[in-house]
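Chemist: Encoded as structure tokens, here's the structure I'll be asking about.
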Amino acid sequence: MIGLYFGCTVLLFEGLRNTLEAFFRKAGVTFEPVGIDQCCGIPLLLAGFQKEAGENGKRLVEDISHKGISTLVTSCPHCHRAFSREFPHRFGLSTPFKTLHFTQFAADLIQSGRIRLSKPVDLKLTYHDPCYLGRMGEKIYREPREVLASIPGLKMEEMEHNRDQATCCGGGGLVRAYLPILSSAVAQEKVQCEARPTGVTGVVSSCPFCYFNLKEGAEEVDKGEMEVYDLAELLVRSMEEPRDE
């Protein structure tokens, strides 16, 4: 059984949640929503509450395990790090399910031919590597790019600093929560000094924190000229409706 762990940020913003649900519907994949009222606990860990984070993780893993989930999919890199690294390695929690970031799950579906991308998305974009998906996470660089390369009509240009050299959007690690002015300034600098020189009209990322922080930064810098996209949104635009069996 597939479990979809939305994460707090996605649940707070209806648009991101609707996009994820639309992807699964179009892909013809049935899922069990999990963690709807349970945070992954990464904010506790980042704030120094290690004991509380461990206790929260134990409750969460037990709840998901009892549901019979075999594969857990999440679009939030912070949540992905919690399940794939923090729970088993920091807290010694056994997770009897496979954890995939959304980009990994989507790449698998595309490669196996389970989803069909046929509608052109005529945009020229650059991809922002989320810190907690890449250098601070499980080094997931290939799958997002493979997914984007599979979308017809989409043209991609790399920023000078990418993959393990990518700079932060300014939104993760509680920076946006505790230092909002700094967070916004970092996002504006990212858009102006890194994305804009590539000649693209937009930035795409695969992290809800990056999406919202870069979106606000772009609005400050370009007054709406530089669009920011969630990767799942671009997939949904290009996907065909599932065939009736």
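Computed from the coordinates by the stated procedures, all read-outs in this text should not be read as laboratory data. For clarity, every value in this text was computed on a predicted model and none was experimentally measured. Neighbour counts are summed over all protein chains in view; Cβ atoms, including those assigned to glycine, are modelled from backbone coordinates with ideal geometry.
Chemist: Can you sort 139, 26 by how many other beta carbons sit within 10 Å, fewest first? Intermediate values should be presented prior to the final figure.
Modeler: On the way: 139 12, 26 17.
By the 10 Å Cβ count, ascending: 139, 26.
Chemist: Isolated Cys in the chain by the 4.7 Å beta carbon test?
Modeler: 8, 39, 131, 168, 193
Chemist: Under a 10 Å cutoff between Cα atoms, tell me which one of 146, 14, 194 has the largest fluctuation in the Gaussian network model of the chain.
Modeler: 14
Chemist: Go ahead and set up a Gaussian network model of the chain, Cα springs under 10 Å, then flag whichever of 40, 193, 207 fluctuates most.
Modeler: Of the options given, 193 has the highest mean-square fluctuation.
Chemist: Next up: Kindly identify the range 79-153 as rounded, prolate or oblate by the Cα gyration tensor criterion: order the square roots of the eigenvalues as a ≥ b ≥ c, call it rounded if a/c is under 1.5, otherwise compare a/b with b/c, prolate if a/b is larger, else oblate.
Modeler: On the way: a/c = 4.18, a/b = 1.85, b/c = 2.25.
Oblate, because a/c is 1.5 or more while a/b does not exceed b/c.
Chemist: Counting other beta carbons within 10 Å of each Cβ, put 238, 150, 112 in order, fewest first.
Modeler: Working: 238 19, 150 16, 112 8.
Arranged by neighbour count, lowest to highest, 238, 150, 112 become 112, 150, 238.
Chemist: If we count other beta carbons within 10 Å of each Cβ, what is the order of 151, 36, fewest first?
Modeler: On the way: 151 24, 36 9.
Least crowded to most crowded, the residues run 36, 151.
Chemist: Let me spell out the model: positive unit charges on the Cβ of Lys and Arg, negative unit charges on the Cβ of Asp and Glu, origin at the Cα centre of the range 115-238. What dipole size does that give, in debye rounded to 20? Let's see the in-between values first.
Modeler: Working: 15 positive and 19 negative charges, 66 e Å.
So the dipole magnitude of the range 115-238 works out to roughly 320 debye.
Chemist: Taking the Cα centre as origin and putting +1 on Lys and Arg beta-carbons and -1 on Asp and Glu beta-carbons, what dipole magnitude results for the range 79-186, to the nearest 20 debye? Intermediate results must be reported in sequence, preceding the final value.
Modeler: Values: 15 positive and 11 negative charges, 55 e Å.
That gives a dipole near 260 debye.
Chemist: Using only DSSP helix segments of four residues or longer, with each worth -39500 (n - 2.57), what per-residue ellipticity at 222 nm results for the chain after dividing by its residue count and rounding to 500?
Modeler: -12000 deg cm²/dmol
Chemist: Mind putting a number on the dipole of the chain about its Cα centre? Charges go on the C-beta only, +1 for Lys and Arg and -1 for Asp and Glu, and I need it in Debye to the nearest 20.
Modeler: Details: 28 positive and 33 negative charges, 108 e Å.
It comes to approximately 520 debye.
Chemist: Using 0.36 nm per residue of separation minus the Cα-Cα distance, give me the extension gain between residue 94 and residue 155 in nm, one decimal.
Modeler: On the way: separation 61, 0.36 × 61 = 21.96 nm, distance 4.12 nm.
Full extension from residue 94 to residue 155 adds 17.8 nm.
Chemist: Near residue 11, within a Cβ-to-Cβ distance under 10 Å, what is the net charge of the other residues, with Lys and Arg +1 and Asp and Glu -1? Numbers along the way, then the final one.
Modeler: Values: positive: 17; negative: 14, 37.
Net charge around residue 11: -1.
Chemist: What is the Cα centroid distance between the range 30-59 and the range 1-28, reported in whole angstrom?
Modeler: 18
Chemist: R0 = 45 Å: FRET efficiency of residue 201 with residue 85, Cβ-based, nearest 0.05?
Modeler: Numbers: r = 35 Å, r/R0 = 0.78.
Efficiency at R0 = 45 Å is approximately 0.80.
Chemist: How would you classify the range 2-111 from its alpha-carbon gyration tensor, with a ≥ b ≥ c the square roots of the eigenvalues: rounded for a/c under 1.5, else prolate if a/b is greater than b/c, otherwise oblate? Spell out each step's value before the answer.
Modeler: On the way: a/c = 1.94, a/b = 1.55, b/c = 1.25.
Here the range 2-111 falls in the prolate category.
Chemist: Taking the Cα centre of each part, how many Å lie between the range 112-130 and the range 154-206?
Modeler: Taking the Cα centre of each part, the range 112-130 and the range 154-206 sit 19 Å apart.
Chemist: Then there is this: Assuming 0.36 nm per residue, please report the length gained on full extension of the stretch residue 138 to residue 108 beyond their Cα-Cα distance.
Modeler: Details: separation 30, 0.36 × 30 = 10.80 nm, distance 1.68 nm.
Answer, rounded to one decimal: 9.1 nm.
Chemist: If you add up the charges near residue 49, with Lys and Arg at +1 and Asp and Glu at -1, over every other residue whose beta carbon is less than 15 angstrom from its beta carbon, what do you get? All intermediate terms of the calculation are to be shown ahead of the outcome.
Modeler: On the way: positive: 51, 58, 59, 90; negative: 52, 55, 86.
Around residue 49, the surrounding residues sum to +1.
Chemist: Taking a virtual spin label 7 Å from the Cα of residue 179 along the C-beta vector, which residues in the range 190-225 bring their backbone nitrogen under 11 Å of it?
Modeler: Output list for this probe position: empty.
Chemist: With labels modelled as points extended 7 Å from the Cα through the Cβ direction, what inter-label distance (nm, one decimal) is found for residue 240 paired with residue 58?
Modeler: Reported label-point gap for residue 240 and residue 58 is 5.0 nm.
Chemist: Between residue 32 and residue 71, what length in nm is gained on full extension when 0.36 nm per residue of separation is reduced by their alpha carbon distance? Don't jump to the answer; show the numbers that get you there.
Modeler: On the way: separation 39, 0.36 × 39 = 14.04 nm, distance 1.03 nm.
The span from residue 32 to residue 71 would gain 13.0 nm if fully extended.
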